[in-house]
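Q: My questions all concern the structure below.
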């Protein structure tokens, strides 16, 4: 069943059109990769799904984005929406506070005060982000002191702590070394058991390894969307084939 649908979605920065008639559905408990050359609209599209583009003055959007069948611009408060549709950014951005407080931050904002409940959420979220065993004895230490890969997993744990349904990831491994990248990729395979994951990646091999479905963006349009295996091995559109084989991009 689709958890998010976009219908004839167009987005403009002032007079410049960044997304053109984007129609796509994301199934529950899958990983979908968004690929395409720089500046093709992938990150803009991803940020549309939890209304992050609302923060930019010149943005105008038409068409529909439906989350569980309801219009995200009419039927949801954006704070509540971002609780349900969490986001992990390209560069790890832990808060300058302890590991514990980073993860407990969201639940506290949403009204969880009980210390035992917070302890439980922090442990569960860090386990969910495959980080608990590495940090359980140092929860009071600053998250800023962790390695880049660990910082990114703290950010994933922080996202998990508010119990989202969907996790958006904007090139979450581009600033990481190969070993940390592999850990995050393995984590995504675990996460899709409980969440729907949508990831922007420049790394073709990564898309091939982790994604169930892949959408190829070009100049603000979705050129092709299919099972990852089919996109990579028997693309229907010449432009998809050219991009995947490295002829451009």
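The values are calculated or read from the model by the stated rules, or taken from the named source; none is laboratory data. Worth saying up front: this structure is predicted, and the values here are computed from it rather than measured. Using ideal geometry, Cβ is built from the backbone for each residue, glycine included, and neighbour counts are taken over all protein chains shown.
Q: For segment 165-180, give me each residue that is at pLDDT below 95 and either surrounded by fewer than 19 Cβ atoms within 10 Å (Cβ to Cβ) or under 20 Å from residue 224 (Cβ atoms) (or both).
A: Answer for segment 165-180, where residues must be at pLDDT below 95 and either surrounded by fewer than 19 Cβ atoms within 10 Å (Cβ to Cβ) or under 20 Å from residue 224 (Cβ atoms) (or both): 174, 175, 177, 178, 179.
Q: Does segment 73-87 contain at least one residue that is at pLDDT 95 or above, assigned to a strand (DSSP E or B) and in contact with a helix residue (DSSP H, G or I) (Cβ under 9 Å, 6 or more places away or on another chain)?
A: yes
Q: Does residue 227 satisfy being farther than 28 Å from residue 51 by Cα and either surrounded by fewer than 22 Cβ atoms within 10 Å (Cβ to Cβ) or modelled with pLDDT of 95 or more (or both)?
A: Working: farther than 28 Å from residue 51 by Cα: no; either surrounded by fewer than 22 Cβ atoms within 10 Å (Cβ to Cβ) or modelled with pLDDT of 95 or more (or both): yes.
Here the answer is no, as residue 227 does not meet what is asked.
Q: Next up: Please verify whether segment 12-23 includes one or more residues that are in a strand (DSSP E or B), farther than 23 Å from residue 242 by Cα, out of contact with any strand residue (DSSP E or B) (no Cβ under 8 Å at 6 or more places or on another chain) and without any contact (Cβ under 8 Å) to a residue 60 or more places away in the chain.
A: Start the filter on segment 12-23 by keeping residues that are in a strand (DSSP E or B), which leaves 12-13, 16-23.
From the residues that got through so far, the ones that are farther than 23 Å from residue 242 by Cα too are 12-13, 16-17.
From the residues that got through so far, the ones that are out of contact with any strand residue (DSSP E or B) (no Cβ under 8 Å at 6 or more places or on another chain) too are 16.
Filter once more, keeping what is without any contact (Cβ under 8 Å) to a residue 60 or more places away in the chain: 16.
Yes, the conditions are met somewhere in segment 12-23.
Q: Considering only residues that are farther than 17 Å from residue 90 by Cα and either in a helix (DSSP H, G or I) or in contact with a strand residue (DSSP E or B) (Cβ under 7 Å, 6 or more places away or on another chain) (or both), which ones fall in segment 32-55? Reasoning before the result, please.
A: Initial filter on segment 32-55 (farther than 17 Å from residue 90 by Cα): 51, 54-55.
Scanning segment 32-55 gives 54, 55.
Q: Suppose we filter 198, 222 for residues that are crowded, with 20+ Cβ neighbours inside 10 Å, in a strand (DSSP E or B), within 14 Å of the chain's Cα centre (by Cα) and modelled with pLDDT of 95 or more; which single one remains?
A: Working: 222 fails: within 14 Å of the chain's Cα centre (by Cα).
Unique residue meeting the criteria: 198.
Q: Check 160, 146, 139 and return the single one that is buried (at least 16 other Cβ atoms within 10 Å of the Cβ), within 18 Å of residue 197 (Cα to Cα) and out of contact with any strand residue (DSSP E or B) (no Cβ under 6 Å at 6 or more places or on another chain).
A: Numbers: 146 fails: within 18 Å of residue 197 (Cα to Cα); 139 fails: within 18 Å of residue 197 (Cα to Cα).
Result: 160 is the single residue among 160, 146, 139 that is buried (at least 16 other Cβ atoms within 10 Å of the Cβ), within 18 Å of residue 197 (Cα to Cα) and out of contact with any strand residue (DSSP E or B) (no Cβ under 6 Å at 6 or more places or on another chain).
Condition check ((1) modelled with pLDDT of 95 or more; (2) buried (at least 17 other Cβ atoms within 10 Å of the Cβ); (3) part of a loop (DSSP other than H, G, I, E, B)) across all residues:
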residue	(1), (2), (3)
184	no, yes, no
188	no, yes, no
207	yes, yes, no
214	yes, yes, no
247	no, no, yes
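Q: While we're on this one: Tell me which of these residue 238 doesn't satisfy, since it passes every other one: (1) surrounded by 14 or more Cβ atoms within 10 Å (Cβ to Cβ); (2) more than 22 Å from residue 87 (Cβ to Cβ).
A: Looking at each condition in turn, residue 238 falls short on (1).
Q: Now for a different question. So, in segment 95-111, of the ones that are modelled with pLDDT under 95 and assigned to a loop (DSSP other than H, G, I, E, B), which residue ends up surrounded by the most Cβ atoms within 10 Å (Cβ to Cβ)?
A: Selected residue: 110.
Q: Output yes when any residue across segment 27-34 is under 15 Å from the mean Cα position of the chain (by Cα) and farther than 23 Å from residue 244 by Cβ, and no when none is. Don't jump to the end; show me each part of the working.
A: Filtering segment 27-34 down to residues under 15 Å from the mean Cα position of the chain (by Cα) leaves 27-34.
After this cut, where a residue has to be farther than 23 Å from residue 244 by Cβ as well, the list is 28-29.
Yes, segment 27-34 has at least one match.
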